[in-house]
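The block underneath contains the structure these notes are about, expressed in structure tokens.
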Amino acid sequence: MENRLLHTPEGVRDIYNSECERKQVLQDRLFSVLKQYGYQAIETPTFEYFDVFSREVGTTASKELFKFFDREGNTLVMRPDFTPSIARSAAKYYHDEDMPIRFGYMGNTYINHHSLQGRLKETTQLGAELIGDDSVSADAEIVAMMIRCLKTAGLKEFQVSIGHIDFFKGLIEEAKLEEEVELELRELISNKNHFGVEELLAEHNIPEDVKTCLEKMPELFGSIDVLKEAKKIVCNEKSKASIERLEAIYEALKVYGVEDYITFDLGMVSKYKYYTGVIFKAYTYGVGEALITGGRYNSLLKHFGKDSAAIGCVLLVNQLMAALSRQKIGIPTEKNTVLLVCDGDNETEAVKHAEELRSKGEKVAVLRRNEKSLEECKEYADRNGFAKILHLDKNGCTEM
Amino acid sequence: MRYLTFALGKGRLAKTTLEMFEKIGITCEEMKDKDSRKLIFVNEELKLKFFLAKGPDVPTYVEYGAADIGIVGKDTILEEGRKMHEVLDLGFGKCKMCVCGPAEAKELLQHHELIRVATKYPNIAKDYFYNKKHQTVEIVKLNGSIELAPIVGLSEVIVDIVETGTTLKENGLTVLEEVCPLSARMVVNQVSMKMENERITKIINDLKGIL
């Protein structure tokens, strides 16, 4: 029989002991990377009005949002991601700022996935948003910073795949397809379903050269050569400009010395309408999904009343933890907490001694051993990750 | 080199797939041993692993990256709706997803009436009736012998795979509407597609060559 007092609801879990330690160390290290790039920490509420995450701006289907009502009957939503919240605050507090603003955040997000899919409903995200800068350097900065995050975490084999939504948009404008067909085509291209694309395009009357380009899209991914290849076959200005932008980003990334991690994928046509420029994802071995997703969304802030360019990205901390453990990459945690064991009658002395050590910067926990043997105390210390044991008795303090 | 892992849908699908793979030089001798109780079969030379899974589970293995590549029917892909790349139509196992029932039930499909539909594929059935036909229906999920449902009065029509139509005919049922054509597909995990691009693309191109 299920014991409701002991179990957590489906999709959420406790993180404790060494795993928690590792997660916090990892989070600190990742966040300090954002700080190194001058990103300011920001916290937004865990829940907001539904409209902030509604269909026009959101990345999560309404049925997958955790919703509830406030006393006035407004629908509230547990945040499924941070970007709309950050866009809202930027529009509110930095409305008149016309120079770049940098935000970094970390926190938990909530998505009500279907049951029995082995997915957590509460996950930790770390992300950054660079608002008010539409330049190639901004694109490169975000990508390079994310690469540094992954390297800082200890990953060695990973790949960042970059695409640009305008390559597809340019072709669609040329092809003059209806919205419904466009959506279907997006889905097929992002699934790399080459024959599906061919089938769908055969049903529509599209200029031959555009058709060839669209049919080629599921295969346009790989090294920088892909851009050259794409340039050869595409005619419209918009798509051409998007390739030039990607080439410029690649050059800018060389300055950071991270070009080895970069690949391109012109078939990455995210389902989310809010992306307006570059889109990128980072992959590694051991997890079946992208670790990082990001892109430029120059029209999102307008939704909240500030017309400003923006680029952002998010790193899924839980996925990164999983990847690290599957690739057997450790997260170096400090093991230096002292267990100060006293016999019971000398507790006052022990507390005094502990306070003294703490003021010197040591981490100390006091244990009254009562009738427990010293051997048992030692086992207890091992179980709970203490680095050393001090035993305090009449003769003073001795290390065990 | 890392192992590339294949998840194959159990049964005829797996058999035909392995025959195709053999033609492009991908073999797995271990798998030919019928008495083997092994769950995972390895080709050490090419660094490949194979395992058999129940059809509907193949997309799950592929989505989570437990398998890099999967071979599975289009029906399962549509029904499971998982996030993964569908890269190749293998061209075998061709059949159709259809709405079937007694001939007189055709009338019930014309006027947006609320009817009962029995099926093993609730998502496909729902998508077809709601989004394509704009007809509200009650869906009854069954796990096999779907043809029984209209005969014993559990539902008015069924949505099921039709290959030859013999079972239907013997039970006085006919195809009323076609939902979509089906065949075996190769699916690839989105991360594997990027991280193992060269090896996977080679397999895809080799297979295209013999289709």
The pairs in A:Lys216/A:Lys238; B:Lys32/B:Lys202; A:Lys232/B:Lys74; B:Lys15/B:Lys202; A:Lys211/A:Lys302 lying past 27 Å Cα-Cα in this model are A:Lys232/B:Lys74; A:Lys211/A:Lys302
How far apart, in nm, are two points set 7 Å out from the Cα along the Cα-to-Cβ line at B:Glu178 and at B:Lys32? 3.8
For segment B:95-181, what does the convex hull of the Cα positions come to per residue, in cubic angstrom? 78
Once every DSSP H run of n ≥ 4 in chain A is given -39500 (n - 2.57) and the sum is divided by its residues, what mean residue ellipticity at 222 nm do you get, rounded to the nearest 500 deg cm²/dmol? -12000 deg cm²/dmol
Please list, in order along segment A:142-156, the HN-Hα scalar couplings obtained from phi with the Karplus expression 6.51 cos²θ - 1.76 cosθ + 1.60 (θ = phi - 60°), rounded to whole Hz, x for Gly and Pro. 4, 5, 5, 5, 5, 5, 5, 4, 5, 5, 4, 5, x, 6, 10
Using 1/(1 + (r/R0)^6) with R0 = 22 angstrom and r between the beta carbons of B:Tyr130 and A:Glu184, what's the FRET efficiency to the nearest 0.05? 0.85
A 22 angstrom limit on the alpha carbon distance is what I want to check against. Which of A:Lys67/B:Lys132; A:Lys169/A:Lys192; B:Lys34/B:Lys94; A:Lys35/A:Lys273 exceed it? A:Lys67/B:Lys132; B:Lys34/B:Lys94; A:Lys35/A:Lys273
In deg cm²/dmol, rounded to the nearest 500, the helical mean residue ellipticity at 222 nm of chain B, built from -39500 (n - 2.57) for every DSSP H run of length 4 or more, is -7500 deg cm²/dmol
With a 10 Å Cβ neighbour count serving as the proxy for reagent exposure, in which order, fewest first, do A:Ile262, B:Ile151 appear? B:Ile151, A:Ile262
Distance in Å, no decimals, from the C-alpha centre of segment A:162-203 to the one of segment B:51-72 is 26
Give the Cα extents of segment A:86-240 along the principal axes, in whole Å, largest first. 47, 46, 36
Overall dimensions of the protein assembly as shown by Cα: Rg and Dmax, Å: 28.8, 99
One can check that the equivalent ellipsoid of segment A:98-168, built from the alpha-carbon gyration tensor with semi-axes equal to the square roots of five times its eigenvalues, has lengths in Å, largest first, of 27, 17, 16
Per its Cα gyration tensor (rounded if a/c is under 1.5, else prolate when a/b beats b/c, else oblate), segment A:337-399 is best filed as oblate
If one computes P(r) from the Cα atoms of chain B, what percent of pairs lie at distances over 29 Å? 34
If N is the number of residues in segment A:299-354, what value comes out of its Cα radius of gyration divided by 2.2 N^0.38 Å? 2.47
Kindly express, to the nearest 10 degrees and within the range 0 to 90, the angle between helix B:12-23's C-alpha long axis and the longest C-alpha principal axis of chain B. 40
Give the cross-link partners of A:Lys360 among the lysines, using a straight C-alpha distance below 23 Å as the criterion and excluding same-chain residues fewer than 8 apart. A:Lys335, A:Lys352, A:Lys388
List A:Asp225, A:Asp343, B:Asp57 from most exposed to least, where exposure is judged by having the fewest other Cβ atoms within 10 Å. A:Asp225, A:Asp343, B:Asp57
Debye calculation, C-alpha points only, no solvent: report log10 I(q)/I(0) for segment A:17-326 at q = 0.06, 0.12, 0.13 Å⁻¹, in the same order as the q values. -0.20, -0.85, -0.99
Kirkwood hydrodynamic radius (Cα pairs, Å) of segment A:279-400? 18.9
Cβ density ranking, 10 Å radius, fewest first, applied to B:Thr166, B:Thr174, B:Thr119 yields B:Thr166, B:Thr174, B:Thr119
Using only the Cα atoms of segment A:1-113, each taken as one equal point scatterer with no solvent, compute I(q) by the Debye sum, divide by I(0), and report log10 of the ratio at q = 0.12, 0.21 Å⁻¹. -0.60, -1.23
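A short reminder: the numbers here are calculations on the coordinates, not readings from a lab. The shown structure was predicted, so the numbers you read here are calculated from the model rather than taken from an experiment. Here the Cβ is made from the backbone with ideal geometry for all residues, glycine too, and neighbour counts use every protein chain on show.
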